[in-house]
Amino acid sequence: MFVRTESLPQAPQQHMAVRVHTPIGSAVVLWHGELQEADGRHLIEWTVDADIHWGQNTRPAAATEPELRQEGDRVIMRGLLHLTDDEAAYLQMGHWSVLFDLASPILTNMDETWVEINVGTASVALHPYRT
């Protein structure tokens, strides 16, 4: 997915944070690319270093459209949840997907339902594709 990123002021000894702008919203996430390329338009892959914990960081969504937003130090992702055969899941957010591990099994009737996943900013990262 193509996104626009803008670098943010950095504290010493921290991973570089950027504000990512997408067609469905924006949030502050970690940048796992070259520092000098943090500002710009990139084809990226999302990674989230947090498992889905149903009822804790994941819940049914009231709205049925994808969204990315920031609430304090949390990133909120809304999309269609798809369960896989290998006890994982992915969240379909518009034209792209984000892979998640499951902390515990989720009922199969939750497959292909709209959910919101709420994770800490420090657990979400962008990795630019090298072409």
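The values are calculated or read from the model by the stated rules, or taken from the named source; none is laboratory data. On a predicted model such as this, the values are computed, not experimentally measured, just so you know. Positions of Cβ are backbone-derived with ideal geometry, glycine not excepted, and every protein chain shown enters the neighbour counts. Keep in mind that these areas ignore ligands, DNA and RNA; they rest on the heavy atoms of the full protein, side chains included. Shrake-Rupley method; radii C 1.70, N 1.55, O 1.52, S 1.80 Å.
Brief remarks on what is shown
- For first residues located in the range 83-95 and polar (S, T, N, Q) and at pLDDT 90 or above, partners that are surrounded by 12 or more Cβ atoms within 10 Å (Cβ to Cβ) and assigned to a loop (DSSP other than H, G, I, E, B) and lie 6+ apart or on another chain with Cβ distances below 9 Å form the pairs Q92/P66.
- Complete set of residues in the range 104-131 that are outside any helix (DSSP H, G or I), out of contact with any strand residue (DSSP E or B) (no Cβ under 7 Å at 6 or more places or on another chain) and closer than 16 Å to L91 by Cα: P105, L107
- Condition check for V124: within 18 Å of E45 (Cα to Cα) and open to solvent by less than 60 Å² (accessible area, probe 1.4 Å): yes
- Of all residues in the range 19-50, exactly one satisfies the criterion of being touching an Asp or Glu at 6+ places or on another chain (Cβ under 6 Å) and either among the polar types (S, T, N, Q) or modelled with pLDDT under 95 (or both), namely D39.
- Members of the range 41-74 that are assigned to a strand (DSSP E or B) and in contact with a Gly (Cβ under 9 Å, 6 or more places away or on another chain): H42, I44, E67, L68, R69, Q70, R74
Okay, residues lined up against (1) within 15 Å of the chain's Cα centre (by Cα); (2) more than 24 Å from A17 (Cα to Cα); (3) open to solvent by less than 50 Å² (accessible area, probe 1.4 Å):
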position	(1), (2), (3)
M77	yes, no, yes
L80	yes, yes, yes
L83	no, yes, yes
A89	yes, yes, yes
H95	yes, no, no
N109	no, yes, no
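- Among the criteria (1) of a type outside the set (D, E, K, R); (2) outside any strand (DSSP E or B); (3) within 18 Å of L99 (Cα to Cα), the one L30 does not fulfil is (2).
- Condition met for V98 (assigned to a strand (DSSP E or B), touching a helix residue (DSSP H, G or I) at 6+ places or on another chain (Cβ under 6 Å) and in contact (Cβ under 8 Å) with a residue 12 or more places away in the chain): no
Here's the yes/no breakdown for (1) without any contact (Cβ under 8 Å) to a residue 60 or more places away in the chain; (2) of a type in the set (S, T, Y); (3) open to solvent by 100 Å² or more (accessible area, probe 1.4 Å):
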{"site": "T5", "(1), (2), (3)": "no, yes, no"}
{"site": "P9", "(1), (2), (3)": "yes, no, yes"}
{"site": "V18", "(1), (2), (3)": "no, no, no"}
{"site": "V28", "(1), (2), (3)": "no, no, no"}
{"site": "Q36", "(1), (2), (3)": "yes, no, yes"}
{"site": "I44", "(1), (2), (3)": "no, no, no"}
{"site": "E65", "(1), (2), (3)": "yes, no, yes"}
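- When R78, R4 are checked against the criterion of being out of contact with any Leu (no Cβ under 6 Å at 6 or more places or on another chain), farther than 21 Å from N118 by Cβ, among the charged types (D, E, K, R) and in a strand (DSSP E or B), a single residue qualifies: R4.
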